[in-house]
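Presented below is the structure to which this report refers.
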Amino acid sequence: MHLGIADTSVLLVLIMMRTQLCCCLKYTCTVGSDGFCIFQGVHIETVEQAQEVQLEPPVVTDGAGPVTRVKFRDSSMFMLPTRLYSAFRQLQELRVWWMQLHSIHIDARLLTLDAEKNRISSITADPDTVPLLRKLELSQNRLRNIDNISHFEHLEVLELGHNDLRTLDLCVLQRMQRLRLLDLSSNNLALVKSSLGHEKLPALTVLYLNDNRLTYLDLGILRAMPALEKLHIANNALVYVDNYDNLPALLPRLRSLQIYDNDWHCEALADVLGQLRKMGVQEYKAYSAFNCKDRSVEGVCCTDNKPFALVRKSHQYISNYATELNGHARYLARELHRTRHEVHRLVASENFTQSTLQMLGDEVDELRSQLSDLALVGGGGTADIVPGNRGKVSGRNGAAGDQPQVERLASEMVKLRRDYQKLTSENQSMRQQVRQYEQLKQEVEQLRLDSVDTKLELQLLKEQNAMLRHDLQKLQQLFSLGANV
């Protein structure tokens, strides 16, 4: 094949374009003054691009150790490059701000991850290993669920502020025995509950729950945090809290409790502040008494207009209903787990039955073959079939000697047929049980969906309760105006 000058030039252009395309997917980081190895201008829009991107460390100089800190700058990534952790096997700290990440995978060897100000809605990790992660910063993202965060056992700092969390069960933190700081501020939390049981978070000293939508809080859920020193619940919609009289036993080390900018009822607020004074807690207000619409107690705004007894009764009803709902959900989860285990057992048993039936079928075929051979040689009386040795013929005259063997084989044939029928019936019974358990599984799934619907109804009840409180406040104001007139 001969190439002309024009063909050669076209080929060179194609080669150059291919080289440029490959170079665009290869990035080398440079070490900055802060010790981070910095990647710039990395752009990933699809999963395919994430798999194609190649990340390389800088040229190693004498005395320079492996790269342990990496950050990205002036980049836009739908997800992290797939080869990031394999390219930097000793990576300990990763910083990815303003990257437009939608999800993030956390390597088991990573110690610190700072992924604030992204669009992260899901977190993944290797399920077969326990991550070594100590600090996780995911503020200003789009997280709505953190159930899969429970296996980060070594976490010491967990910052999840400015996300979209709606409810929280503290049981997701039960394995984090080293956790010192938990930031859940500026979410949409309307319910915080605890099903920890006897488990504790012995190292937790700071908890941020401020700037949420809490209208009720049972301080009893904090009994799992005996070392708590700072609790921030300001700027919610709290009317009162339960179990405040047990604060000395629940939180003996408490020194700061920020409670301002709520919808406190003055009577409930006075009780809480009295308990805080007994404990020696000084920090609990923001000196905003001059901005109060109604009145204040020790610098914290409150109101006497709200029908406190009605609100408290409704909150208690909602709390009891939520507790009952949680118990029902846990029961359904246990039943579903038991059902899955039983289905797996039945499937294993069915597989064993199928293999046994196959073996019996092979033995039946073997016996049939032996009977056929005996029938062929029985009339001539010239051969015997030795059991277990198909096709081997002896030289005896076997008409009389073959008869007992035929009868024995026939009886074994009958016995095998009975065993085969028995195993077939057992197999059918097991299949029926599997179908029943599948039906039970569907019912459990339907109950779970009903549980979700009930939670939504509970949230609706809360919102209706808030509206009722607002309407009652307006009515009382109108009543006060009428009385003054």
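Structure summary
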item	result
Paramagnetic label zone (point 7 Å from Cα along Cα-to-C-beta, Ser103; backbone N under 11 Å) in segment 28-61	47
Per-residue HN-Hα couplings for segment 146-158 [Karplus 6.51, -1.76, 1.60; θ = phi - 60°; Hz; x = Gly/Pro]	10, 4, 7, 8, 5, 8, 7, 5, 9, 4, 10, 10, 10
Taking segment 20-117 and dividing mean pair separation by its residue count, relative contact order in percent (alpha carbons under 8 Å, at least six apart)	26
Pairs from Lys200/Lys230; Lys117/Lys193; Lys117/Lys462 whose Cα-Cα separation, in the structure shown, is over 19 Å	Lys117/Lys193; Lys117/Lys462
Residue-by-residue Karplus 3J(HN,Hα) for segment 245-251, coefficients 6.51, -1.76, 1.60, Hz, glycine and proline x	6, 9, 4, x, 7, 6, 10
Placed amide H near Ile44: partners under 5 Å, 5+ positions off or other chain	Ser76, Met77, Phe78
Neighbourhood net charge (14 Å Cβ-Cβ; Lys/Arg +1, Asp/Glu -1) for Ser33	+2
Accessible surface of segment 115-207 [probe 1.4 Å, protein heavy atoms]: carbon and sulfur percent	43
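The values are calculated or read from the model by the stated rules, or taken from the named source; none is laboratory data. A quick note: this is a predicted structure, and the numbers were derived from the prediction, not measured. Cβ coordinates were reconstructed from backbone atoms using ideal geometry, including for glycine residues, and neighbour counts include every protein chain displayed. Keep in mind that these areas ignore ligands, DNA and RNA; they rest on the heavy atoms of the full protein, side chains included. Shrake-Rupley method; radii C 1.70, N 1.55, O 1.52, S 1.80 Å.
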